[in-house]
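Inspection log for the structure reproduced underneath, given as structure tokens.
Derivation of every value follows stated rules applied to the coordinates shown; laboratory data play no part. Given the structure is predicted, the values throughout are model-derived calculations rather than measurements. So basically every Cβ, Gly included, is an ideal-geometry build from the backbone, and we count neighbours across all protein chains shown.
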Amino acid sequence: MRGGLQGAVPALLGLAILCAGLTGCGGRVSDRDIRTISLDEVVQLYAKDRTKPNTLELIDPRPRSSYARGHIAGAKHIELNRLDPQLGRDRELDKADMLVVYGNNRSSAIARAAVKRLLDIGYKRSKVRWFAGGLAEWSASGRPVDTVPEELETDPVPAPAPAGGG
């Protein structure tokens, strides 16, 4: 019996670290703080943003390869690790009236974690929403989806600095 318990401790510790890493919120923000938004509401904001810019900022926190294969047209790719409370708020995101985060679908833990990070950074709860239906619901409704050309899928390797300091 004791051997089974010893084997469970590392697994539980690993799970706790994973959960802390996904939330990154230091316990201040929880799932209860997440507000959802429906497809119809996102569609309305999306249409309004076309005539009144900065109404909506769609945020896709999925890995770059997922974003490249398909994302809501106009969505900004911001991976979870770039949403760091120590880095503070993003001036571009501050301009938007509403920040809507989405993932692949309702089971997207990374999208929920991104919402929590935005709240932890200091964005008002009234300004941040989770579009739970995600890319799956958006594309199933016939809404526009973009892809990234294969050659642009990865970050370019920075050019070496010129020799001689300048």
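Using the Karplus curve 6.51 cos²θ - 1.76 cosθ + 1.60 with θ = phi - 60°, what ³J(HN,Hα) values do you get for each residue of the stretch 71-78, in whole Hz, with x for Gly and Pro?
Per residue, the Karplus-derived 3J(HN,Hα) values read 8, 4, 4, x, 5, 8, 8, 9 Hz.
Ranking request for peptides 60-70, 79-89, 113-123: highest mean number of other beta-carbon atoms within 10 Å first, then the rest in descending order.
113-123, 60-70, 79-89
Could you please tell me the mean projected area of the C-alpha convex hull for the stretch 61-149, averaged over all directions and given in square nanometres to one decimal?
If you wrap the Cα atoms of the stretch 61-149 in a convex hull and average its projections, you get 5.7 nm².
Quick check: pseudo-label points 7 Å beyond the Cα along Cα→Cβ at Ser30 and Arg82, how many nm apart are they?
Here the answer is 3.1 nm between the modelled labels.
Going by amide H atoms built from the backbone, whose H comes under 5 Å of the H on Leu56, apart from near neighbours?
Those qualifying (amide H under 5 Å, at least 5 residues apart or on another chain) are Asp97, Met98.
Which residues' amide hydrogens lie under 5 Å from the amide hydrogen of Val145, considering only partners 5 or more residues apart or on another chain, with H built in the peptide plane?
Under 5 Å from the amide H of Val145 lie the amide H atoms of Ala73, each far enough along the sequence or on another chain.
Could you run the Karplus curve 6.51 cos²θ - 1.76 cosθ + 1.60 with θ = phi - 60° over the stretch 114-125 and give me ³J(HN,Hα) per residue in whole Hz, x for Gly and Pro?
5, 4, 4, 5, 4, 5, 5, 5, x, 6, 5, 4
Quickly work out the Ala140-to-Ala47 label distance, labels modelled 7 Å from Cα along the C-beta direction, and quote it in nm with one decimal.
So the two model labels end up 2.2 nm from each other.
With θ taken as phi - 60° and the coefficients 6.51, -1.76 and 1.60, list the Karplus ³J(HN,Hα) couplings across the stretch 132-142 in order, rounded to whole Hz; mark glycine and proline as x.
Once rounded to whole Hz, the list reads 4, x, x, 4, 4, 5, 4, 5, 5, 8, x.
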